[in-house]
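The values are calculated or read from the model by the stated rules, or taken from the named source; none is laboratory data. Because the structure is predicted, anything quoted here is derived from the model rather than measured. Here the Cβ positions follow ideal geometry from the backbone for every residue, glycine too, while neighbour counts run over all protein chains shown. What goes into the accessible areas is simple: the full protein's heavy atoms, side chains included, and nothing from ligands, DNA or RNA. Shrake-Rupley method; radii C 1.70, N 1.55, O 1.52, S 1.80 Å.
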Amino acid sequence: MKYMDFYSAGKEWAPRDECGVFGIYAPGRDVARLTYFGLFALQHRGQESAGISVADGDVIITHKEMGLLYQVFHEEDLTGMRGHSAIGHTRYSTTGSSVLRNAQPIQVDSPYGPLAVAHNGNLLNAVELRAELQEEGVHFRGTNDSEVIARLIAHSRKPNLEEAVADSMTRMDGAYALTILSKDSVMGVRDPYGVRPLCVAELNDGGWVVASETCAMNVVGAAHATAIQPGEIVTIDAKGPCRRQAVPEIRPSLCSFEFIYLARPDSVMYGQTLHLARRRMGRFLASEHPAPGADIVIPIPDTAIAAAIGYAEGSGIPYGEGVIKSRYIHRTFIQPDQRMRTLGVRMKLTPLPEVLAGKSVVMVDDSIVRGTTTGSIVRLLRDAGAREVHVRISSPPVRFPCFYGIDMASRRELIAAAKSVEEIRRHIGADTLGYLSPEGLLEACDAGEDRYCRACFTGNYPIPVPEDQRLHKFSLEASGDRIEEGPEDRIS
Ligand code: SF4
């Protein structure tokens, strides 16, 4: 059911990132509060639960709860968390159900002292690793793959923590960007493909920060962020940062949906501000799929704004706001059935008849997954008087599921897996429909070199996906709770 939750602009589903991670080493600073600020900037990456762990040189304390950051942390929580380093996490679950015991950071005891781990991504061999660890007597409290990572590191027999993390990286398959807190260090760790983003930066007035996106660096006063490289461990302690290529980089494969939709538009990846990359996507889209004679280009707010501006720039058609997004609706209030999804679109997006009436409208969005919401929005525009609705999508058709940490439907539910573009156009009731081509996406992202995962468009998975998982998602179920759990674990 979790796919159908609303949390972004009028969608019953949107590609949703699993998590945001943050870490800070800054003795003498209020590290818990700075982590809170950093997580605030990463709230778009996960809204189910939030948590912060703080280390003071002896112990680690962790506070985490279900809910948005402002619901989880109050002034007394932050003032009670004193230390010189911290990590934090905002969660959207893709593996393991949405319950408190799966919230992060995961804190465990280890031969290296107490550890806390925050994870963004999805391990492909979590079930196997969990079984191996259980055979060795390791006890698990939750059901998510992040606990597998924490206990794998804690169970290592290597002489120090960095060696334990490096050793664990050789055993983990899949996508992971980690922040790890020990009593006297913070680490940033990225899988050898670099699927999920992670960067590091120095604070202006002393200390270092690690975060999923650069937008979290800016709010805490850190500048000149650099990417943690695929396969790299960055350890920050009293000696400063130390970078180590722990496992060889295999093939840089940053998730292209980070560029299209997931990451905040003011974040920078591969040296590019995402707002500008999205504008380029819009310009390519305009050249690949023009809409001659259209009167206005409108975005589906907020995520498609930059692409719509780009489409307007590329086409010469005026840009305008045709729908207003309610900022205060919360997904909890929307029930996951078709009637409520349609109602949800109307609660979330309000058309402006004064702008739309009698017009030929180009509606720009970032993706179509099931097609139901896009159809509802097209109807909304027509009901408001739009004469024609031309739908333009700033990503290629999503035809394959994601195994690397983005909550994506099974193949059966993806409208583009079974239908042609013309069939989708009829399904959503648009006058015309055009998707950005895979080549256009690549050019807009990078002007050449392919350093991206584009598997949900092409079916070419950079990290090999085990056959049983592939079959499972290709045919049947939506989200992979790959680890057995009782019905009482589910909140809804
Ligand atoms: Fe991103 Fe798609 Fe690759 Fe998943 S399959 S990591 S959503 S590009």
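Values as computed for the structure displayed
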quantity: Residue list for the range 221-245, restricted to those being open to solvent by 70 Å² or more (accessible area, probe 1.4 Å) and assigned to a loop (DSSP other than H, G, I, E, B); calculated: Gln229, Ala238, Lys239
quantity: Members of the range 443-460 found to be within 12 Å of the ligand (Cβ to nearest atom) and open to solvent by less than 30 Å² (accessible area, probe 1.4 Å), listed by number; calculated: Cys445, Tyr452, Cys453, Ala455, Cys456, Phe457, Gly459
quantity: Exclusive hit being β-branched (Val, Ile, Thr) and without any contact (Cβ under 8 Å) to a residue 40 or more places away in the chain, set Thr226, Thr235; calculated: Thr226
quantity: Answer residue from the range 247-269, given it is open to solvent by 60 Å² or more (accessible area, probe 1.4 Å) and within 18 Å of Phe403 (Cβ to Cβ) and is nearest to the ligand (Cβ to nearest atom) among those; calculated: Arg251
quantity: Pairs where the first residue, in the range 37-51, is farther than 18 Å from Leu100 by Cβ and modelled with pLDDT of 95 or more and the second is in a strand (DSSP E or B) and not aromatic (Phe, Trp, Tyr), C-beta under 6 Å, 6+ apart; calculated: Gly38/Ala211; Leu42/Gly20; Leu42/Thr90
quantity: Subset of the range 109-158 (residues that are assigned to a loop (DSSP other than H, G, I, E, B), over 26 Å from the mean Cα position of the chain (by Cα) and under 18 Å from Val189 (Cβ atoms)); calculated: Ser110, Tyr112, Gly113, Pro114, His155, Ser156, Lys158
quantity: The range 397-441, residues that are within 16 Å of the ligand (Cβ to nearest atom), open to solvent by 10 Å² or more (accessible area, probe 1.4 Å) and on the phi > 0 side of the Ramachandran plot; calculated: none
